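Have a look at the structure below, then the notes.
The values are calculated or read from the model by the stated rules, or taken from the named source; none is laboratory data. Because the structure is a prediction, the values reported are computed rather than measured. Every residue, glycine among them, receives a Cβ derived from its backbone with ideal geometry; neighbour counts consider all protein chains shown. Areas reflect the complete protein model, heavy atoms only, side chains present, ligands, DNA and RNA absent. Shrake-Rupley method; radii C 1.70, N 1.55, O 1.52, S 1.80 Å.
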Amino acid sequence: MVQIGDTIVSFSIFTEYFCCDPAHCKGICCVEGEAGAPVALDEVEKLEEALPVIEQDMRGEALAVVKEQGVVYNDPDGDLVTSIVNGKDCVFATSDSKGCTLCLIEKAFNEGRFHWRKPISCYLYPARLGKVGDLVSVNFHKWDVCRHAVVKGRREGIRVYEFLKQPFIERFGQEWYDELLVVAEELKAQNYI
């Protein structure tokens with residue numbers, strides 16, 4: 001691990017390859033799993049603000065869940081996560097005409113109808129944040145549903161830190177990302193990556 005500012009970054013962020021491949025996975029990360037996406041407390045208000053913008057596009061069962069329990073809940077580990085439908089689908093997920101699952105909030109953002117993209121945990125994926133004392137840990141999360149993203153990343157020569165450039169800058173800032181690039185160059189010079 002490498003410390004950058006108040007973060008500890010796993011070497012796998014530098015060594016692993018990754019590039020989302022929705023043609024293969026069909027956005028299954030918004031559907032699979034045992035809980036919703038991790039949400040920071042300050043993101044709950046943004047999720048609630050998104051509702052009037054996207055509710056006409058939400059599935060009826062997703063709206064019913066939101067009306068009953070809200071946009072988030074505490075999972076069995078006590079973590080705050082997005083509400084889910086039928087024990088798996090994120091309430092903010094929908095399918096496009098090709099059967100690919102996508103985020104309604106991000107869709108509204110891309111169409112200029114909403115000011116916020118989506119929870120940072122979703123934007124940062126496959127990086128997962130944790131805590132080590134007072135530091136934030138940044139780790140690569142390996143998940144079988146993303147195996148095609150690893151293959152595509154390797155084929156195109158895109159490492160995790162490169163794939164996540166914009167989300168990393170949004171979460172940690174340009175200066176942090178510039179330091180990350182310095183570390184990457186040092187690791188390349190040492191033939192570590």
Report task. Please work out which residue is farthest from residue 120 (Cα to Cα), limiting yourself to the range 50-61 and to residues that are open to solvent by 20 Å² or more (accessible area, probe 1.4 Å) and in contact (Cβ under 8 Å) with a residue 12 or more places away in the chain. Result -> 61
Query raised in the report: From the list 160, 145, 132, 136, which one is modelled with pLDDT of 95 or more and surrounded by fewer than 18 Cβ atoms within 10 Å (Cβ to Cβ)?
Result: 136
**Report entry** From 13, 4, residue being open to solvent by less than 50 Å² (accessible area, probe 1.4 Å), over 18 Å from residue 120 (Cα atoms) and either of a type in the set (A, V, I, L, M, F, W, C) or in contact with an Asp or Glu (Cβ under 8 Å, 6 or more places away or on another chain) (or both)
**Finding:** 4
Query raised in the report: Residues of the range 13-31 being in contact with a strand residue (DSSP E or B) (Cβ under 9 Å, 6 or more places away or on another chain) and either acidic (Asp, Glu) or more than 14 Å from residue 102 (Cβ to Cβ) (or both), which ones?
Result: 13, 14, 15, 16, 17, 18
Requested in this report: Could you tell me whether residue 105 is closer than 22 Å to residue 59 by Cβ and either small (Gly, Ala, Ser) or in contact (Cβ under 8 Å) with a residue 12 or more places away in the chain (or both)?
Outcome: yes
Report summary line: Considering only strands (runs of 3 or more DSSP E) wholly within the range 62-117, the ones with at least 2 residues that are open to solvent by 20 Å² or more (accessible area, probe 1.4 Å) are 72-74, 93-95, 101-103
